[in-house]
Amino acid sequence: MPPVSPSSSAPVSAVAAAPADAFMPGRLWRHALLAGLSAGAGLALHAAGLRGDTLAVAIIVLFCLGYWATGWLPDFLVSLVLMFLLATGTSLGANVVFSGFTSSAFWLVFSGAVIGMALSVTGLGERVASRLADHCGHAYGIALTGFVVIAFVLGIVMPSTLGRIAILTPIVLSFCERVGLTEGRPGRIGLLLATALASCELSTAILPANLPNLVMAGTAETVLGIRLGYGEYAVALVPVLAVVRGIVLVAVAMRCFPDRLTPLPETLANDNSHSAMHPHEWRLLAALALMLGLWLTEPWHHIAAGWVGLGIALLCLGPLRLVNPDAFLKQVKLAPLWFVAAIIGLTAAVDHAGLANALRPVLSRLDLAQMSTAWAYLVLVGLSVALTFLVTSNAAPALYTPLVPALALGAPLSVKAVLLTQAVGISTIALPYQAPPLVLAMALAGIGVRDATRYCVATALVALVTVVPLTALWWQLIGLLRLH
């Protein structure tokens, strides 16, 4: 078995370092403030007609999102609070509240940690990172652009955002070590977040590349009778939603996390990227090829990505002798698993409590007939952004798409334009919880919620003033929209 490097870039905890005295008397006002805001929101929702589990879930989610956004409590503790409140304050049942632990995504985090450590200790990650450094390691901006492009291109051939992130994150970590972006450097955070958010957002421009797109396309075909073609979808969305948004991700990362690449002398001295591959590297490469093959053929064998990843992780820990189990338990912190489980449980609770269904009567009364094309387009983008806040990007299309006939009735937009407008909003991620794959990346890379939130908010704001209007102009150019 290859030796375990003490400088392994294995994932660490994604929790932000909250102060140990979070409940000291001088800081109790924070908890009272969040509790008061949540209670006030609950009263408003009660007055609007929400009752029972729907109301309880809304209040609990708002309360915990406040802690995640502010970082006033450690993330894993907020996750446990969320699950406790959902279990005791609603009648949803353990199968819903704790559904995150049985989710494929939960186990993909575990398998990603194993594979990440295997890439580190075998040297295969360093070899790949070295080859990438030859092309992208000359400047920070080039590195950001390179990984954003890689994330987009990988979306064309690999229709799983979780899978792309599980593969890319360990490689980015190795690349960072090679170019001097060590633990704590802002450039390390910027590279990891840009790659992760590119995997989530840019793939929205490729029809089968992520779950929200598949939900939108499937619902459109079954409910509306509209079949979205791969080519027409790409023509409508790639030029702005992929290219311009990719430029936004790079520019904001350089602004929020400025840094420069400074390759460490020891990494250059130990460069073995051009030497012959060792047997354990070949074994890991074979395991990764098997994993990628099984992910790509999921429509035929129906084994979820998480279970495939878990099987490969067990091979690495066992027969392939790539990762020492004892070293794995000592070096890799698994606290991020609580965060992932809580996010998945949150999504399931919102769905089972009927929070989305409670919004349908209000949304269906939205009258676009009295608006100009530009205003109607902006309202629809705003609606899809709001739904992404309420039910996350995975669930938003299931709520938005069935409303398309009602929204398009008398509207100055075609039915297809109304349908596709949601892609602009769904790809605008303002808070990490809105994109569960981003939460996975944070867990694998050890990124705190505060850094991720700062980056997501900044990219979302810039996108609202660039991507949104430019998409409308592009659609007018190709005849999908007629602005007046």
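The values are calculated or read from the model by the stated rules, or taken from the named source; none is laboratory data. Source: prediction; values computed, not measured. All Cβ positions, glycine included, derive from the backbone under ideal geometry; neighbour counts span all protein chains shown. All accessible areas refer to the heavy atoms of the entire protein, side chains included, with ligands and DNA or RNA removed. Shrake-Rupley method; radii C 1.70, N 1.55, O 1.52, S 1.80 Å.
Results, tabulated for the structure shown:
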quantity: Checking LEU65 against (1) open to solvent by 50 Å² or more (accessible area, probe 1.4 Å); (2) part of a helix (DSSP H, G or I), the condition it does not meet; calculated: (1)
quantity: Unique residue being under 30 Å from ALA35 (Cβ atoms) and open to solvent by 10 Å² or more (accessible area, probe 1.4 Å) when the list is ALA94, ALA139; calculated: ALA94
quantity: Scope the stretch 112-141; condition modelled with pLDDT under 80 and of a type in the set (S, T, N, Q); matching residues; calculated: SER120, SER130
quantity: Pair list, Cβ under 7 Å, 6 or more apart: the stretch 235-247 residue at pLDDT 95 or above and surrounded by 22 or more Cβ atoms within 10 Å (Cβ to Cβ), other residue hydroxyl-bearing (Ser, Thr, Tyr) and not in a helix (DSSP H, G or I); calculated: ARG245/SER427
quantity: Residue check for ALA253: free of Cβ contacts under 8 Å to residues at least 60 places away in the same chain and either buried (at least 24 other Cβ atoms within 10 Å of the Cβ) or more than 18 Å from the chain's Cα centre (by Cα) (or both); calculated: no
quantity: Of residues in the stretch 302-317 being over 18 Å from LEU124 (Cβ atoms) and at pLDDT 85 or above, the one least open to solvent (accessible area, probe 1.4 Å); calculated: VAL308
quantity: In the stretch 58-108, the residues that are out of contact with any Pro (no Cβ under 7 Å at 6 or more places or on another chain), touching a residue at least 12 places away in the same chain (Cβ under 8 Å) and of a type in the set (Gly, Ala, Ser); calculated: ALA58, GLY66, ALA69, GLY71, SER79, GLY89, SER91, SER99, GLY100, SER103, SER104
